[in-house]
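The values are calculated or read from the model by the stated rules, or taken from the named source; none is laboratory data. These numbers were taken from a predicted model, which means no experiment stands behind them. Glycine also receives a Cβ, built like all others from the backbone with ideal geometry; neighbour counts cover every protein chain displayed.
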């Protein structure tokens, strides 16, 4: 285990990359800290642009202008209990039905640039800087709705054609509630989406949750794992962290915030980025 600075970590994983090496990045929690799909939903709901018929009946009687953080956490917990993590992610993407992609994309850009209030999204993370360094060979592979992720790609300088995300079918330029194949772009569907584009491996893959586990297996040289210290984060992030640490044969107690390289002559190298739970 080698402790590194941020710049050393980026240089370390790039040292053996060839000119045509591919890089695959998850978005939420990896390229950015926070969830851009959720932030867009929260920004659009008070504007009356989200169909309130998708909300639980008790929520339809609430004024969206009076909703705070605790209200959204209550909604998230309610929906996760009803649908599970995957079902909740599907619900959150379908919330954009009836909107043109441009509206969602422009909302996402405003949030990422800090032009809206109350949305805790951190850009220019270490993985963001890595992606900027290899933007001509980088792909973003995300479970969030495509328009949100195109906004991230635009700001990093990655072509929109190299965004692989969850897509809703369009009818006359308006998003419907039906998914394009293969559906919610999470877990095994990330690999399936890439396979549809004839991408079966990459020099480096980066992720932060169980939704990225299959994606990370496509790495030929490095997997960049963002892991959170703390027990009050999302379960699918804690499970991911514990699984990575078990493979590396270390515990949370062995780590401080920072970057650690684990080189394996007989297998996959791991760059571990240790962060606090994102509030």
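Data overview
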item	result
Strands (runs of 3 or more DSSP E) wholly inside region 62-171 that include at least 1 residues being within 15 Å of the chain's Cα centre (by Cα), surrounded by 14 or more Cβ atoms within 10 Å (Cβ to Cβ) and modelled with pLDDT of 95 or more	138-145, 163-166
Output for region 207-221, where each listed residue is touching a strand residue (DSSP E or B) at 6+ places or on another chain (Cβ under 9 Å) and within 12 Å of residue 188 (Cβ to Cβ)	211, 212, 213, 215, 217, 218
Pairs, first free of Cβ contacts under 8 Å to residues at least 60 places away in the same chain and at positive phi in region 16-35, second assigned to a loop (DSSP other than H, G, I, E, B) and surrounded by 24 or more Cβ atoms within 10 Å (Cβ to Cβ), C-beta under 9 Å, six or more apart	none
Flag if residue 204 is in contact with a strand residue (DSSP E or B) (Cβ under 9 Å, 6 or more places away or on another chain), part of a helix (DSSP H, G or I), in contact (Cβ under 8 Å) with a residue 24 or more places away in the chain and under 18 Å from residue 23 (Cα atoms)	no
Scope region 192-221; condition more than 21 Å from residue 272 (Cβ to Cβ) and surrounded by fewer than 19 Cβ atoms within 10 Å (Cβ to Cβ); matching residues	192, 195, 196, 197, 198, 199, 200, 201
Residues satisfying the stated conditions in region 207-226, i.e. part of a helix (DSSP H, G or I), within 19 Å of residue 137 (Cβ to Cβ) and touching a helix residue (DSSP H, G or I) at 6+ places or on another chain (Cβ under 6 Å)	215
Of all residues in region 222-243 being surrounded by fewer than 18 Cβ atoms within 10 Å (Cβ to Cβ) and in contact with a strand residue (DSSP E or B) (Cβ under 8 Å, 6 or more places away or on another chain), the one that is modelled with the lowest pLDDT	230
Identity of the residue in region 251-270, more than 13 Å from residue 2 (Cα to Cα) and either touching a strand residue (DSSP E or B) at 6+ places or on another chain (Cβ under 9 Å) or modelled with pLDDT of 95 or more (or both), that ends up surrounded by the most Cβ atoms within 10 Å (Cβ to Cβ)	268
Test: residue in region 207-226 that is touching a residue at least 40 places away in the same chain (Cβ under 8 Å) and more than 28 Å from residue 21 (Cβ to Cβ)	no
